[in-house]
Amino acid sequence: MEEQDKLKILKELLFTEEHEFADSIAQKVDDLAKIVHQKKELSHKVDPIIDDKLEEFVQEIPKTLGPTITETLREEIKNSQDAVVEALFPIIGKMIKKYIAHEMKLLSENISRKTKKAFSFRNWFRRTKAKVQGVSEGDLAITDYAKPRLIQMFVIEKNSGILIADYSPLSEGTIDKEMVAGMLTAIKSFVEDAFEGGNQNLELIEYELYTIHIQNFYSYYVAAVISGAYTMMFKEVLEDQILDFAKNNISSKDLENSTLFTKKLKKHFADEIV
Amino acid sequence: MKLSKKVVLLGHFGVGKTSLFRRFMDNEFSEEYKVTLGVQIKKKLIQLPDGRELSMIIWDTEGHSISIEDTRKSYLLGSHAFIYVFDLTREETYATLTKDLEYLKENYIKVPARVLGNKLDLVNEKEIRRQLTEKNIPFDGLTSAKTNKNVESFFLDLAEEITK
């Protein structure tokens, strides 16, 4: 037996166990590689673990992330209030509109029910009117309450915006009328200039439940603040009344005497405009 | 009898019209510069030496960039006085002054226009007076809205003038 063969036999005797161990490791690595590289095999093994962890995570969210999310949202809303309001405004507006429509319907039904029970000349008249017009008594009652009312009237010099006279059937209020007259004139001038409508005049400003009726004359204009439903019929009547007032009461002398003008204005418009 | 007069502040952007307006109206001043868009209006009651009370309605208009002709004409109509403000530290704000005053004189014949150099606190008064005279720049007063120098007296003099 040669030296080479002897060495080989000795190696076999000494390393058989290690060989077997190395082979088994290689086999295991092969199996793992198979599992890792084949998605189906891997998901079969890993999915249950991930599912368990996810479920645990979801259950823990309110405790762990909840305060952070709430704090972040609060901070974001605080920092961008205008943007939030801007985004919410149309949504809230629609909701309010729907709510008001619903409440108005309920109110109308409620009024109809109550007026049916009560008897008075006024109710009898309204009932007859409702039958003739083919509308419900409730709707008519609501229309009565939404009747247009004069809140304030200003007579303003056209170019300068200086207040010549004013009248309010309600309390005097705290607004500075001279500044209102100036600002109204500035708005009016801006609109008339900006849209290049030739000699056309701004005649109406609407804001929420109020309407500013503007009637133009040569050197001055009349601005009447109206609450309630500003209907075409009311507009016609108001226009006629202002025209009557201008025709019968306003002279160039009056325009220079603010105190006298205010007295005349008050006298003319003291009665309710129908 | 009630006495009301409309006074319009005119001039280039950033000359301090709003600062003068705020200083005279509310005795306030802010270093923060905010461009006026359109116009803002305020009223000040002034006791005249003869005992009458004047409602001075001041229109603080947005500044023009090139010429006064850019100013919205409807804001100028019916005025009882104009105050043309320029910045003593920026020559370009009084470069068109003579031309602008001519324009006002031609288009608003009876309306007095007074010229005011503002930001006096940033220049040497003696030196700036010399320079303006040398350049033939007409002015009726030099003020500082920041330190309140000459502001009140300028407006009160104007009030007397337009109620004569």
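The values are calculated or read from the model by the stated rules, or taken from the named source; none is laboratory data. From a predicted model like this one, the values you see are computed outputs, not experimental measurements. Cβ sites come from the backbone with ideal geometry, for glycine too, and all protein chains shown count toward neighbours.
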Open item on the list: With the requirement that a residue be at the interface with chain B (Cβ under 10 Å from one of its Cβ atoms) and either within 28 Å of the chain's Cα centre (by Cα) or of a type in the set (Val, Ile, Thr) (or both), what does the range A:168-183 give you?
Closed with: A:180, A:183
Open item on the list: Please count how many residues of the range A:152-167 are under 31 Å from the mean Cα position of the chain (by Cα) and surrounded by fewer than 23 Cβ atoms within 10 Å (Cβ to Cβ).
Closed with: 1
Task: Candidate set: the range A:204-223, residues that are within 20 Å of residue A:160 (Cβ to Cβ) and not aromatic (Phe, Trp, Tyr); chosen: the one farthest from the chain's Cα centre (by Cα) - done: A:219
Open item on the list: For the range B:96-110: of the residues being buried (at least 16 other Cβ atoms within 10 Å of the Cβ) and closer than 16 Å to residue B:136 by Cβ, which is farthest from the chain's Cα centre (by Cα)?
Closed with: B:96
TODO: Take residue B:82 and decide whether it is within 14 Å of chain A (Cβ to nearest Cβ) and buried (at least 21 other Cβ atoms within 10 Å of the Cβ).
DONE: yes
- [ ] Could you grab me the full set of residues in the range B:39-55 that are more than 10 Å from every other protein chain (Cβ to nearest Cβ) and among the hydrophobic types (A, V, I, L, M, F, W, C)?
- [x] B:46, B:48, B:54
Task: Residue check for residue B:3: buried (at least 18 other Cβ atoms within 10 Å of the Cβ) and within 14 Å of another protein chain (Cβ to nearest Cβ) - done: no
Task: Flag if residue B:93 is buried (at least 16 other Cβ atoms within 10 Å of the Cβ) and under 24 Å from residue A:175 (Cβ atoms) - done: no
Open item on the list: Which pairs turn up if I take residues in the range A:159-177 that are outside the structural domain of residue A:263 (by TED's automatic domain parsing) and closer than 24 Å to residue B:81 by Cβ and look for partners that are modelled with pLDDT of 80 or more and assigned to a strand (DSSP E or B) with beta carbon separation below 8 Å, at least 6 apart in sequence or on another chain?
Closed with: none
- [ ] Determine whether the range B:14-31 contains at least one residue that is in contact with a Phe, Trp or Tyr (Cβ under 6 Å, 6 or more places away or on another chain), within 14 Å of chain A (Cβ to nearest Cβ) and more than 22 Å from residue B:96 (Cβ to Cβ).
- [x] no
Open item on the list: Can you find, within the range B:61-78, the residue that is nearest to the other protein chains (Cβ to nearest Cβ) among those that are among the aliphatic types (A, V, I, L, M) and surrounded by 12 or more Cβ atoms within 10 Å (Cβ to Cβ)?
Closed with: B:77
